[in-house]
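The values are calculated or read from the model by the stated rules, or taken from the named source; none is laboratory data. Keep in mind that what you see is a predicted model, and the values were worked out from it rather than measured. Every residue, glycine as well, gets a Cβ built from its backbone with ideal geometry; the counts of neighbours run over all protein chains shown. We work out accessible area using only protein heavy atoms, side chains counted, and drop any ligands, DNA or RNA first. Shrake-Rupley method; radii C 1.70, N 1.55, O 1.52, S 1.80 Å.
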Amino acid sequence: MTWRVRIADSAGAAAGLLVLAFALAWVGYKAFGAGFGVNGGVPDWIRVTLSGLTLAGLYFVIASGFTLIFGLMRVVNMAHGSLYLLGAYAAFEFQQHQFVSWGWGVVLSTLLVGFFGAVMHQLFLRWNQGQELRQALITIALAFIFGDQMLAYFGGAQHYVRPPDALEGNADLGIFCNTGGIFAGCLTFPWFRFVAIGAAVVVALGLVVVLKKTRFGMIVRGGVDDGAMVSALGVNIQAANALAFFIGSALAGLGGALAGVFLVIAPGEDADFLLKALVVVIVGGMGSLGGAALGALALGMIETWAPQYLPGAWSNYSILLTFLLLVFVLSVRPFGLFGRAT
Amino acid sequence: MLRALAGPGARRRRRLLAGGGILAVAATAVAVLAGTSAARSAASPIKIGILSTCQGPFAPFYPETTAGARTALIQLTGAKPKGSGATSPVVGAKIGGHPIQLVYGCSNAQPDNALKEARRLVEQVKVNILLGPLSGDEGIAISNYSKKQPGTTFVNGTSAAQDTTLHVRSPNFFRFTTDGAQWMAGLGTYAYKTLGWKNAVVIGDDYSFPYTQAAGFVAEFCSLGGNITKRIWPPLGTKDYSGFITQIPKSGVDGFMMAVGGTGTVAFVKDFSGLAGNVSKKMVGGSVTIDPTAVSALGDRLDGVVAGEPIPAGATGAAWQKYAKAITKYYPKVSPNSLFTAGYYDEMWGIVLGLKKVNGDISGGGKKFRAALAKVAWSSPHGPVKLDANRNAIADNFIVQVTSGGGFKTLRDIKNVDQTFGGHFSPSTPAPGRNSPACVHGNAPSWAK
């Protein structure tokens, strides 16, 4: 790397950090500049930040599966969004037919989608191992087929999954109480969204433990660095691939089953969430778990902070900020924040 | 082939081929003659393309739209449905001896996408009549496109931006449904007089249809003396509305008009109830907010919410019941109480009446047919429908409330609302937008007094 490139790189990084610092300072000023009273910016800051964390948690659960599969197998699974939607519909169906309780419904949907993904891998992707473009095209085709099949079977109507009674309704935080107006009463936040944030944290910790402490994790980490060497050492890489595809798909299914409660299940959501997963892993770096966490946090917070904190007339441009994030990160770190050239 | 010709017995084969060639030419000639004579003998098919959204935020409405259009065709032409799926066929539809062929197109609520589908249907499939699209921005794009295709007749689906007819005014684009502002007739009065609101906020998807809905609400609410404190426009397809909901001022606001549609409705209402409790009494709805797909998905969360709509959802009158029973008979999975079902039903009804007037004659690019279409008027399940000079419908509008248990109750019927909205809109007024029209007191429309 020549010194010219190095200076350009650090200038880019400095500009990126400067923008980030300015954005955080702006949010801080808007949130806390008017004091900490009920009429200040703090109650809204809590509302949008908690919402942003829920969204970030969901994005992380979905994107971590995506990035796990990519990290080990270099498969860009364009059907990941379909697996997400399938998980959501599965949780909904389990509830509609009252087969099992809500909790078991989530577990079963997760396993079902994991199994579905593993079968998809065995049937369509395994024999194309290493042919990245071909695999991407196959998964795009599958995404269309799954999308249409789900539309044919579940119809166009919107659905959502009802949480168990204990989690239905809002937590009354007992602070910043208003006496009148549209937001009359104390600060509230839906119980279930706390659960969703918790679930994302559990998934993150679980993945860290699996990757750092188990043999499978070792194989995955080795495979990310040098897949050919790992299989040369006599590791059954096919079994590891299958397991990784199972876990990665199951995470998409889990995301869908959880999102079914606090977002909406409808045709078209598959493409939307594939896009979100792509943004998260491109920002964070393909194949990096830490990157997925940071990318999900960035995307979730931007999506909820932007409408609240952009100057009034601009709040409808909030959606563009997501793409500005991409432009910024890619211009400074072309492989994402934690990504490495392959 | 060459090798076969060169081999033994080649001469015989060549003769055979020559014979085949002659036969083929003869067959083509017969076919061409048959084709032209068919056109004269009034047996050539009439192709109708149905364009609706099977992807994107309004995909839930796709089965409603196709069911509405096909039911009108079944009722008026004696055709028979084969199956009750979203695109299952209808057989035996004939007008003046011309069989009716249906072709389906699918868009995602984005104008570029709808235009691409319209082009495919008009230029490649060569439909004679295009029925659609569903969404506001799509409608503006298609009505502009229709000017370049004078030989095709365009009839709106449920797209309800004001511009589509009031400003674009394409001579071959017809809208037998009313626009999004007309759909709000009576709602400003309900908010101001019944709910006693003085200061309201508007929240809607950031594109032409919600702008049009807001225009109708703002014009009426302000004409009575109300004020609009803020207008908030989340992008279409927003996943989490928290950051928009918190922009509602914490004091000095009595309620808000909500025009977030499609999958956004469910997300918005869930987010709102998480942050600020029950929506009823705090919110009046845009027309799509209380679509049966949203109401059934949201359970009791929309109980008591009132909205403006072009249909008397849940009405018990004979005409509405007859329509509702027909929809349920042929397409049991579809709710008749959706403006999308009724909208596509009306548009197809208009088309068939027009075709019957000319006995199915769409020759010469359909000139005669369009002249007849402009004069079509009938008594629909929701009152009389006729077209104005810009080929936009003049029809009744309704104030509808969601009742507990997911039903509907019609509170008010406002007769013959036209696109000028009591003198508030004309081809020279600016298009509805994020900040227009301005909130002006006085000059209340006749139904608001």
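When the pairs B:Lys333/B:Lys386; B:Lys80/B:Lys325; B:Lys193/B:Lys282; A:Lys276/B:Lys239 are compared against a 20 Å limit on Cα-Cα distance, B:Lys333/B:Lys386 fall above it. Computed with every protein chain present, the accessible area of B:Leu195 is close to 50 Å² [probe 1.4 Å]. In percent, rounded to a whole number, the relative contact order of chain A is 32, using alpha-carbon pairs under 8 Å and six or more apart. Scalar couplings 3J(HN,Hα) for the stretch B:167-175, obtained by applying the Karplus form with A = 6.51, B = -1.76, C = 1.60 to θ = phi - 60°, are 9, 6, 6, 6, x, 10, 10, 10, 10 Hz; x denotes Gly and Pro.
Taking amide H positions as modeled 1.01 Å from N, with prolines and chain starts lacking one, the residues under 5 Å from B:Asp206 and 5 or more places away or on another chain are B:Leu236. Of the two radii for the stretch A:1-150, the radius of gyration is 1.14 times the Kirkwood radius, both from the alpha carbons; that is the Rg over Rh value.
DSSP H helices in chain A with Cα extent of 30 Å or more along the helix axis and mean Kyte-Doolittle hydropathy at least 1.0?
Values: long enough: A:3-32 (42 Å, 1.09); A:42-73 (45 Å, 1.43); A:132-154 (32 Å, 1.10); A:191-213 (33 Å, 1.92); A:237-262 (38 Å, 1.59).
Helices passing the filter in chain A: A:3-32, A:42-73, A:132-154, A:191-213, A:237-262.
Less than 5 angstrom separates the built amide H of B:Ala395 from those of B:Val417, all sequence-distant by 5 or more or on a different chain.
For A:Trp104 and B:Gln101, a Förster radius of 60 Å and the Cβ-Cβ distance give a FRET efficiency of 0.75, rounded to the nearest 0.05. Among beta bridges from DSSP that stay inside chain B, the antiparallel ones total about 40%.
Is the shape of chain A rounded, prolate or oblate, going by the alpha carbon gyration tensor and its root eigenvalues a ≥ b ≥ c, with a/c under 1.5 for rounded and a/b larger than b/c for prolate?
Taking the square roots of the gyration eigenvalues as a ≥ b ≥ c, chain A is oblate.
Taking amide H as placed 1.01 Å from N in the peptide plane, the amide H of B:Val284 sits under 5 Å from that of B:Phe256, B:Met257, B:Met258, each at least 5 places away or on another chain. Which of the three applies to the protein assembly as shown, rounded, prolate or oblate, going by the alpha-carbon gyration tensor with a ≥ b ≥ c and a/c under 1.5 meaning rounded? Oblate, since a/c reaches 1.5 and b/c is not below a/b.
Tilt of helix B:10-40 relative to the longest C-alpha principal axis of chain B, in degrees (0 to 90, nearest 10)? Helix B:10-40 sits roughly 40 degrees off the main axis of chain B.
With both residues required to sit in the protein assembly as shown, DSSP beta bridges show an antiparallel share near 45%. Using alpha carbons only, how many degrees (0 to 90, rounded to 10) separate the axis of helix B:62-77 from the longest principal axis of chain B? For B:62-77 against chain B, the angle is about 60 degrees. I need the shape label for the stretch B:297-449. Rule: rounded when a/c is under 1.5, else prolate if a/b > b/c, else oblate, with a, b, c from the alpha carbon gyration tensor. Oblate is the answer for the stretch B:297-449, as a/c is 1.5 or above yet b/c matches or exceeds a/b.
To the nearest ten degrees, helix B:263-276 and the longest principal axis of the Cα atoms of chain B are 20 degrees apart. In the neighborhood of A:Ile319, defined by Cβ-to-Cβ distances under 10 Å, what is the net charge if each Lys or Arg adds +1 and each Asp or Glu adds -1? Charge balance in the 10 Å sphere: -2.
Hey, with R₀ at 60 Å, roughly what FRET efficiency would A:Gln131 and A:Glu168 work out to, going by the Cβ-Cβ distance, to 0.05? FRET efficiency, A:Gln131 to A:Glu168: 0.80.
Placing +1 on each Lys and Arg Cβ and -1 on each Asp and Glu Cβ, with no other charges, gives the protein assembly as shown a dipole about its Cα centre of roughly 2780 debye.
Given a 1.4 Å probe and no ligands, DNA or RNA in the count, how much accessible surface is buried by A and B, both sides, to the nearest 100 Å²?
Heavy-atom accessible area buried at this interface is about 3400 Å².
Take the Cα of B:Ala389, step 7 Å toward its Cβ, do the same at B:Val125, and the gap between the two points is 3.5 nm.
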